[in-house]
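Heads up, the thing below is written out as structure tokens.
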Amino acid sequence: MRIVVIDGQGGKIGKAVIEQIRLSGKQCQITAIGTNSLATSAMLKAGADMGATGENPVVIAARDADVIVGPIGIIAADSMLGEITPRMAEAVGQSRARKILVPVNKCFEVAGVSEMSLTDYVNLAVELIFKA
């Protein structure tokens, strides 16, 4: 399974997701794509197999991913303080990969989503990755 984790700013969500995937013991290939080098570095330190930074790596990785995971902002142009470009959001949205989005109430409020801690959201996201 090819999992692409996309995150920006400090990479906190992506880092947490990758750590939980590694703790699950499941075999998979994790590619970390940061919108900036700080986010990429954090995700690589968490155990990603490879990483890259910027718009074009998001576009390329989205083509072949089985699963794309990240904060909900990765599907909205100009979100995450402008770090998600329209081309990035389009690539994620058009990808055939399953998309598992972590709700972050800073940018969006999603009706029907209960208020949980980031840790709980990350744990739920990792469960969904490996759900058949």
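Would a scan of the stretch 35-46 turn up a residue that is under 19 Å from residue 2 (Cα atoms) and either surrounded by fewer than 18 Cβ atoms within 10 Å (Cβ to Cβ) or modelled with pLDDT under 95 (or both)?
There is at least one residue in the stretch 35-46 that is under 19 Å from residue 2 (Cα atoms) and either surrounded by fewer than 18 Cβ atoms within 10 Å (Cβ to Cβ) or modelled with pLDDT under 95 (or both).
Return the residues of the stretch 94-106 that are within 13 Å of the chain's Cα centre (by Cα) and not in a loop (DSSP other than H, G, I, E, B); say none if nothing qualifies.
Here is the first cut: in the stretch 94-106, the residues within 13 Å of the chain's Cα centre (by Cα) are 97-104.
Within the stretch 94-106, 98, 99, 100, 101, 102 meet the criteria.
For the stretch 39-54, state whether one or more residues are in a helix (DSSP H, G or I) and either among the charged types (D, E, K, R) or within 16 Å of residue 125 (Cβ to Cβ) (or both). Please lay out each step first, then the result.
Our first condition is that a residue be in a helix (DSSP H, G or I); within the stretch 39-54, this holds for 39-45.
Then drop every residue that is not either among the charged types (D, E, K, R) or within 16 Å of residue 125 (Cβ to Cβ) (or both), which leaves 43, 45.
The answer is yes, given that some residue of the stretch 39-54 is in a helix (DSSP H, G or I) and either among the charged types (D, E, K, R) or within 16 Å of residue 125 (Cβ to Cβ) (or both).
Looking at the stretch 93-111, is at least one residue of a type outside the set (Lys, Arg), touching a Phe, Trp or Tyr at 6+ places or on another chain (Cβ under 9 Å) and modelled with pLDDT of 95 or more?
We begin by selecting, within the stretch 93-111, every residue of a type outside the set (Lys, Arg); these are 93-95, 97, 100-105, 107-111.
From what is left, the residues that are touching a Phe, Trp or Tyr at 6+ places or on another chain (Cβ under 9 Å) are 102-104.
Adding the requirement that they be modelled with pLDDT of 95 or more leaves none.
No; the residues of the stretch 93-111 include none that is of a type outside the set (Lys, Arg), touching a Phe, Trp or Tyr at 6+ places or on another chain (Cβ under 9 Å) and modelled with pLDDT of 95 or more.
Every residue in the stretch 55-93 that is among the β-branched types (Val, Ile, Thr), part of a helix (DSSP H, G or I) and surrounded by 23 or more Cβ atoms within 10 Å (Cβ to Cβ), please.
So the first thing to find is which residues in the stretch 55-93 are among the β-branched types (Val, Ile, Thr), and the list is 58-60, 67-69, 72, 74-75, 84-85, 92.
Of the ones still in play, those that are also part of a helix (DSSP H, G or I) are 58-60, 72, 74-75, 92.
Answer for the stretch 55-93, where residues must be among the β-branched types (Val, Ile, Thr), part of a helix (DSSP H, G or I) and surrounded by 23 or more Cβ atoms within 10 Å (Cβ to Cβ): 58, 74, 92.
If I filter the stretch 107-128 for residues that are among the hydroxyl-bearing types (Ser, Thr, Tyr), surrounded by fewer than 17 Cβ atoms within 10 Å (Cβ to Cβ) and assigned to a loop (DSSP other than H, G, I, E, B), do I get at least one hit? Please lay out each step first, then the result.
Here is the first cut: in the stretch 107-128, the ones among the hydroxyl-bearing types (Ser, Thr, Tyr) are 114, 117, 119, 121.
Narrowing further to those that are surrounded by fewer than 17 Cβ atoms within 10 Å (Cβ to Cβ): 114, 117, 119.
Right, trim to assigned to a loop (DSSP other than H, G, I, E, B) and you get 114, 117.
Yes: one or more hits.
The values are calculated or read from the model by the stated rules, or taken from the named source; none is laboratory data. In this text the structure is predicted, and so the values were computed from the model without any measurement. Note: ideal-geometry Cβ built from the backbone for every residue, glycine included; neighbour counts use all protein chains shown.
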